[in-house]
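Colleague: Here it is, the structure, as structure tokens.
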Amino acid sequence: MDAGLVDKAFIFVGPIIVGGPAPGPVAGVGVASLAQAWRLRRMQVRQCDQDVVIEGYVDVTARAAAGAPRGEGQGAPCSPVS
């Protein structure tokens, strides 16, 4: 994500609580505040067995405003595959 190469995210949330110093779902430097966090748009939320799946496109406008690097070839937002 730090390289700005992520356009679409699939986030799986399972019914399990780990606690403690567990590894996070996203590696990298991270952000100093929530205002700098990347936002998803055109989201779909669905259940898959016991998991919840959140699918969405990274908001390139918010990403650029937060000062994140842009990957080569990024331009117009992606369209969903029909």
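Colleague: So, of the residues in region 50-69 that are acidic (Asp, Glu) and out of contact with any Gly (no Cβ under 9 Å at 6 or more places or on another chain), which turns out to be modelled with the highest pLDDT? Walk me through it before giving the result.
Modeller: Just the residues of region 50-69 that are acidic (Asp, Glu), to begin with: 51, 55, 59.
Then drop every residue that is not out of contact with any Gly (no Cβ under 9 Å at 6 or more places or on another chain), which leaves 55, 59.
On the way: 55: 96, 59: 89.
Taking the candidates together, the pick is 55.
Colleague: So, in region 38-59, of the ones that are surrounded by 12 or more Cβ atoms within 10 Å (Cβ to Cβ), more than 10 Å from the chain's Cα centre (by Cα) and hydrophobic (A, V, I, L, M, F, W, C), which residue ends up farthest from residue 11 (Cα to Cα)? Break it down into steps so the answer makes sense when it comes.
Modeller: Narrowing region 38-59 to residues surrounded by 12 or more Cβ atoms within 10 Å (Cβ to Cβ): 38-43, 51-59.
Okay, now just the ones that are also more than 10 Å from the chain's Cα centre (by Cα), so 42-43, 51-53.
Checking the rest, the ones that are also hydrophobic (A, V, I, L, M, F, W, C) come to 43, 52-53.
Numbers: 43: 11, 52: 8, 53: 6 Å.
Step by step, filter region 38-59, then rank; the result is 43.
Colleague: Quick one: in region 1-23, of everything that is over 17 Å from residue 60 (Cβ atoms) and among the small types (Gly, Ala, Ser), which residue is modelled with the lowest pLDDT? Outline the logic, then answer.
Modeller: In the first step, residues of region 1-23 are kept if they are over 17 Å from residue 60 (Cβ atoms); the result is 10-23.
From what's left, among the small types (Gly, Ala, Ser): 14, 19-20, 22.
On the way: 14: 91, 19: 83, 20: 87, 22: 77.
By that ranking, first place goes to 22.
Colleague: What about residue 26, is it at pLDDT 85 or above, within 16 Å of the chain's Cα centre (by Cα) and surrounded by 10 or more Cβ atoms within 10 Å (Cβ to Cβ)?
Modeller: Values: at pLDDT 85 or above: no; within 16 Å of the chain's Cα centre (by Cα): yes; surrounded by 10 or more Cβ atoms within 10 Å (Cβ to Cβ): yes.
No; evaluated as a whole, the condition is false for this residue.
The values are calculated or read from the model by the stated rules, or taken from the named source; none is laboratory data. Note that this is a predicted model, so its numbers are computed, not measured. Note that we place each Cβ from the backbone using ideal geometry, even for glycine, and neighbour counts take in every protein chain shown.
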